[in-house]
Amino acid sequence: MSDGRTEERIALCEPFIGGNEWAYVKECLDTGWVSSVGSYVDRFEREIAAAVGRAHAVATISGTAALHVALEVAGVRPDDEVLVSDLTFIAPANAIRYLGAHPVLIDAEPEHWQMDAELLGSFLKRSCVWRNGELRNSATDRRVAAILPVHVLGHPVDLDAIIEVAEGYGLPLIEDATEALGATYRGAQVGSRGDLACLSFNGNKLITTGGGGMLVTDDPALADRARYLTTQAKDDPVAFVHGVVGYNYRLSNVAAAMGCAQLEQMPSFLARKREIANRYAEGLAGSAMQLMRVARWAQPAWWLSTVTTEDGNGRALRDLNDRGIMARPLWQPLHESPAHREALAVGGGTATEIVRKAVSLPSSVGLTAEQQDRVIETLLATEDS
Ligand SMILES: *Cc1c(COP(=O)(O)O)cnc(C)c1O
């Protein structure tokens, strides 16, 4: 442990398999219930719905698949526009494009890095008009069809403010809660307020099924439609009659079994994530580095602990990674992404500035105090040099 080359690697965010995962998965293998029908799929859906406080849940093969289907059942059609966070992992913008629709990128607010509700409201007010009962972007003449805010890094967006805008314009709201399972907004679970919300169980998320996702809603018609679309839109239990073009998006029973075991551990995972964030905050107190600031309405899930450096993240990223510490920048803001080159951006300067300074630090549930101290020491040394 003394010289840099032999130091163990510290992962950014790796799964913690510490409960009934083996037992539940073994049961699937022993009984032959391995595919997309099985008791663990039903149980996982029921338990996630209860955890988030929603009436219905539909499991999917990934969080991205959940977003794709959520947008479709919310009524997004080809050539529509969807208002989405500029500062986010790329998945929600890609899901919009899968439908032939267009993302409109709303900048982050500087305090908590979430979709700027004021900017969202002013864009709709100044740049959109009602025509024949449809809200249209005056610049493109496309219909504005939905709002898709991302609860970035496990910190909730200002939901009341965004819901007020959504209701004011009659737009469906889809929460991308893929990074924020377990976070609360004014005491309510994140994912419990939008018409639909999407979760992810990718390997780096709070709980994992290896890969998987979930769509949650209180509306039985939306849930039924989502279930139909995720199972190839099959109209008859026996005959192969398909009403529309559907998707093979259902989660397997094996994956759901793992999910059930992970969900049992969620309270301790959340507590660990909070401890990790607190230890970073304490360790870096007095330095110029700042942990993501928490809004008064928020209890974040602390999916990743992310800090801002004073003059750009370059040195911190290099020094940490040189020592085998997996630190990562945030995502390229979507308005800079080659994949979404043609997307309309509303602002973007704030997202760019946040990304320039931010570094996400190792945040695995299984991170030890010694490992974390190594991260903190390296960061402090970087700042001093
Ligand atoms: C993880 C994530 C998703 C979904 O990812 P999958 O890997 O498809 O489960 C969607 N949106 C955001 C913001 C994410 O971080």
Query raised in the report: Want the number for residue 160 to residue 79: 0.36 nm per residue separation, take away the alpha-carbon distance, what's left?
Result: 26.3 nm
Query - Separation of the residue 23 and residue 221 label points, Cα + 7 Å toward Cβ, nm - result: 4.3
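May I ask you to order 55-67, 275-287, 229-241 by the average number of other C-beta atoms within 10 Å around their residues, highest value first?
The peptides rank, most packed first, as 55-67, 275-287, 229-241.
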Report summary line: The Cα radius of gyration of the chain, divided by 2.2 N^0.38 Å with N its residue count, comes to 1.00
Query raised in the report: Projected area of the range 156-293, taken from the Cα convex hull and averaged over every viewing direction, in nm²?
Result: 11.5
Query raised in the report: Of 331, 303, which has the most accessible area with a 1.4 Å probe, and how do the rest follow in descending order?
Result: 331, 303
Query raised in the report: R0 = 22 Å: FRET efficiency of residue 296 with residue 184, Cβ-based, nearest 0.05?
Result: 0.95
Query raised in the report: Can you give the helix-only mean residue ellipticity at 222 nm for the chain, where every DSSP H stretch with n ≥ 4 adds -39500 (n - 2.57) and the sum goes over all residues, rounded to the nearest 500 deg cm²/dmol?
Result: -11500 deg cm²/dmol
Query raised in the report: Once amide H atoms are placed 1.01 Å from N in the peptide plane, what residues at a sequence separation of 5 or more from residue 146, or on another chain, have their amide H within under 5 Å of its amide H?
Result: 83
Report summary line: Averaging 1/r across every pair of distinct alpha carbons in the range 102-165 and inverting yields a Kirkwood hydrodynamic radius, in angstrom, of 12.6
Query raised in the report: For residue 321 and residue 126 in one chain, what is 0.36 nm times their gap in residues minus the Cα-Cα distance, to one decimal in nm?
Result: 65.7 nm
**Report entry** Cα-centre dipole for the chain with unit charges at Cβ (Lys and Arg positive, Asp and Glu negative), debye to 20
**Finding:** 400
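The values are calculated or read from the model by the stated rules, or taken from the named source; none is laboratory data. Just so it is clear, the model here is predicted, and its values are computed rather than measured. Ideal geometry is used to build each Cβ from the backbone, glycine not excepted, and the neighbour counts take in all protein chains shown. Only protein heavy atoms, including side chains, enter the accessible area calculation; ligands, DNA and RNA are left aside. Shrake-Rupley method; radii C 1.70, N 1.55, O 1.52, S 1.80 Å.
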